[in-house]
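Novice: Mind looking over this structure? Questions follow.
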Amino acid sequence: MTSLLKPLFSHEAESDNISKVLHTVRRHLGMDVAFVSEFRENDRVFRHVDADEPAPLQVGDVLPMDAGYCQHVVEGRLPELIPDTADVPLACGLPETRAVPIGSHLSVPIVLDDGRTYGTLCCFGFEADPTLSQRDLQMMRAFAELMADRIGSDMRRRQAVDAQAQRIDRVIQEDLLTIAYQPIIQVADGRIAGWECLSRFPLDPQRAPDLWFREALDIGWGPRLEGFAMRKALQALPQFPPDTFIAVNASPALVMSDEFEHVFDGVALNRVVLEITEHEVVEDYAALVRALAPWRVRGLRLAIDDAGAGYASMRHTLNLQPDFIKLDMSLTRDIDHDPRRRALATALIAFANAIGSTITAEGVETSAELEQLRTLGASKVQGYFLGRPVSLEEALRPHQRHPVLSAR
């Protein structure tokens, strides 16, 4: 028994696993129809059905709880094992016995680990089968236990997904997401060239923004949440000085979605930089380039985020021809006294110059790091040393050039 069950339940797709098990059970018993039904408040629905020929019931069919054998078996009025329905008066009297017909029947409850009866695992044959035995019934019970484990696991996952969706929907419907703005400084003169828009989620559970976006992506809501955040960030663009831009983050999934068609409505695209993030692997760069093309023609500029941090950012850089390449903070940190970081940054800056892009260095936290990046040829810089993310109100206050840079 163990060798039969292990491979059948080794995959993640519980629905497919249960269908395979159901088919195995039916064929082993030589029955005509097998099914898994779920009990609901007033009826039962057939979640899985297996049969060689068109069955008298289909997946999704719904019957009253008191119709057929299942409730009678669970409540003990009918035996779980019936080799010949003609020998059981209650079975003989059920309309389904004659209409289907049902000559033999096996049914066991599927009981979840919290004690609730989910429904039943059933098999029946059109003819009586005197070979059915208690051993066959024990096999059915074993399979029902394994199905209960998988069904319970699947239900818990669905409940978790529902809870995640409710959290994200609440953020959108109640407008709970806020935007912080971090200055991007022009190295040459210390002027604020633009602002990176960073999403914040000031509500429980208290988590980093990337975890909120990852959760949304995992349940299929990634583009919806990203699109909401981007539209909210872009609403502030007209309030900033006309010679500055704002940078907004977007995953490839958002760019390829229908949601992306509406995020730039009424926006001056020549003042927007789209930062492509590494939320997922891009399988088709040609399609991503085509999706971005009409917006770039209208003035949208493109930045590749986190360069030097991983393989995905380098693939983005090679395939998308960005206007800006942003050095990851893991590369700029301690660059003033780490020759390996300097060497890699030097190579990336030379590469950016060769392809007509410019470098923005992120995560600058000390004057020594800033000075080294200036020496290497970085065009723009951002980081806590130059300015922390602030509210829109603070970002809109008149700002002088950064003193360290403007003094040069």
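The values are calculated or read from the model by the stated rules, or taken from the named source; none is laboratory data. Values in this document were obtained by computation on a predicted structure and should not be read as measured data. Note that we place each Cβ from the backbone using ideal geometry, even for glycine, and neighbour counts take in every protein chain shown.
Novice: Against the conditions (1) buried (at least 19 other Cβ atoms within 10 Å of the Cβ); (2) modelled with pLDDT under 90; (3) closer than 21 Å to Leu370 by Cα; (4) among the small types (Gly, Ala, Ser), where does Ala309 fall short? Just the number, please.
Specialist: If we test Ala309 against (1) buried (at least 19 other Cβ atoms within 10 Å of the Cβ); (2) modelled with pLDDT under 90; (3) closer than 21 Å to Leu370 by Cα; (4) among the small types (Gly, Ala, Ser), just (1) comes out false.
Novice: Going through Ser251, Ser153 one at a time, which residue ends up being within 21 Å of the chain's Cα centre (by Cα), among the hydroxyl-bearing types (Ser, Thr, Tyr), under 30 Å from Asp114 (Cβ atoms) and at pLDDT below 95?
Specialist: On the way: Ser251 fails: under 30 Å from Asp114 (Cβ atoms).
When all the criteria are applied, what remains is Ser153.
Novice: Return the residue satisfying two criteria in turn: it lies in the stretch 344-362 and is touching a Leu at 6+ places or on another chain (Cβ under 8 Å) and either more than 11 Å from Arg333 (Cα to Cα) or of a type in the set (A, V, I, L, M) (or both), and of such residues it is surrounded by the fewest Cβ atoms within 10 Å (Cβ to Cβ). Before the answer, list the steps.
Specialist: Residues of the stretch 344-362 that are touching a Leu at 6+ places or on another chain (Cβ under 8 Å), as a first pass: 344-346, 348-349, 359-362.
Those still in the list that are either more than 11 Å from Arg333 (Cα to Cα) or of a type in the set (A, V, I, L, M) (or both) too: 344-346, 348-349, 359-361.
On the way: Leu344: 16, Ala345: 24, Thr346: 14, Leu348: 23, Ile349: 21, Ile359: 24, Thr360: 29, Ala361: 31.
If we take residues in the stretch 344-362 being touching a Leu at 6+ places or on another chain (Cβ under 8 Å) and either more than 11 Å from Arg333 (Cα to Cα) or of a type in the set (A, V, I, L, M) (or both), then Thr346 is surrounded by the fewest Cβ atoms within 10 Å (Cβ to Cβ).
Novice: Residues that are exposed (fewer than 13 other Cβ atoms within 10 Å of the Cβ) and either modelled with pLDDT of 95 or more or in contact with a Phe, Trp or Tyr (Cβ under 9 Å, 6 or more places away or on another chain) (or both): does the stretch 187-207 have at least one?
Specialist: Within the stretch 187-207 (the criterion being exposed (fewer than 13 other Cβ atoms within 10 Å of the Cβ) and either modelled with pLDDT of 95 or more or in contact with a Phe, Trp or Tyr (Cβ under 9 Å, 6 or more places away or on another chain) (or both)), the answer is yes, since at least one residue qualifies.
Novice: To continue, here is another question. In the list Ala233, Ala253, Ala291, which residue meets the criterion of being surrounded by 13 or more Cβ atoms within 10 Å (Cβ to Cβ) and closer than 24 Å to Ser391 by Cα? Explain how you work it out, then say what you get.
Specialist: Working: Ala253 fails: closer than 24 Å to Ser391 by Cα; Ala291 fails: closer than 24 Å to Ser391 by Cα.
Exactly one of Ala233, Ala253, Ala291 is surrounded by 13 or more Cβ atoms within 10 Å (Cβ to Cβ) and closer than 24 Å to Ser391 by Cα, namely Ala233.
Novice: Follow-up. In the stretch 230-264, how many are among the small types (Gly, Ala, Ser) and assigned to a helix (DSSP H, G or I)?
Specialist: Going residue by residue through the stretch 230-264, those that are among the small types (Gly, Ala, Ser) are 233, 236, 247, 250-251, 253, 257.
Restricting the remaining residues to those that are assigned to a helix (DSSP H, G or I) gives 233, 253.
The total comes to 2.
Novice: Restricting attention to the stretch 63-95, which residues are closer than 20 Å to Tyr118 by Cβ and in contact (Cβ under 8 Å) with a residue 40 or more places away in the chain?
Specialist: Across the stretch 63-95, the qualifying residues are Tyr69, Cys70, Val73, Val74, Glu80.
Novice: Give the residue that is modelled with the lowest pLDDT, with candidates limited to residues of the stretch 265-283 that are part of a loop (DSSP other than H, G, I, E, B) and within 19 Å of Asp305 (Cα to Cα).
Specialist: First, pick out the residues of the stretch 265-283 that are part of a loop (DSSP other than H, G, I, E, B): 265-268, 277-283.
Those left that are additionally within 19 Å of Asp305 (Cα to Cα): 277-283.
On the way: Thr277: 79, Glu278: 68, His279: 61, Glu280: 67, Val281: 75, Val282: 84, Glu283: 84.
Filtering the stretch 265-283 for residues that are part of a loop (DSSP other than H, G, I, E, B) and within 19 Å of Asp305 (Cα to Cα), the one modelled with the lowest pLDDT comes out as His279.
Novice: Please indicate, with yes or no, whether at least one residue in the stretch 167-177 is out of contact with any Asp or Glu (no Cβ under 7 Å at 6 or more places or on another chain), outside any helix (DSSP H, G or I) and among the hydrophobic types (A, V, I, L, M, F, W, C).
Specialist: Among the residues of the stretch 167-177, at least one is out of contact with any Asp or Glu (no Cβ under 7 Å at 6 or more places or on another chain), outside any helix (DSSP H, G or I) and among the hydrophobic types (A, V, I, L, M, F, W, C), which makes the answer yes.
Novice: For the stretch 363-376, which positions are out of contact with any Leu (no Cβ under 6 Å at 6 or more places or on another chain) and touching a residue at least 12 places away in the same chain (Cβ under 8 Å)? Reasoning before the result, please.
Specialist: Going through the stretch 363-376, the residues out of contact with any Leu (no Cβ under 6 Å at 6 or more places or on another chain) turn out to be 363, 365-376.
Answer for the stretch 363-376, where residues must be out of contact with any Leu (no Cβ under 6 Å at 6 or more places or on another chain) and touching a residue at least 12 places away in the same chain (Cβ under 8 Å): Gly363, Glu365, Thr366, Ser367, Ala368, Glu369, Leu370, Glu371, Gln372, Leu373, Arg374, Leu376.
Novice: Working carefully through the options Arg77, Arg26, find the one that is of a type in the set (Lys, Arg) and closer than 20 Å to Ala148 by Cβ. Let's see the steps before the verdict.
Specialist: Details: Arg77 fails: closer than 20 Å to Ala148 by Cβ.
Result of the check over Arg77, Arg26: Arg26.
Novice: Go through the stretch 107-149 and give me each residue that's within 20 Å of Asp50 (Cβ to Cβ), aliphatic (A, V, I, L, M) and under 40 Å from the mean Cα position of the chain (by Cα).
Specialist: Across the stretch 107-149, the qualifying residues are Val108, Ile110, Leu121, Met139, Met140, Ala142, Ala144, Leu146, Met147, Ala148.
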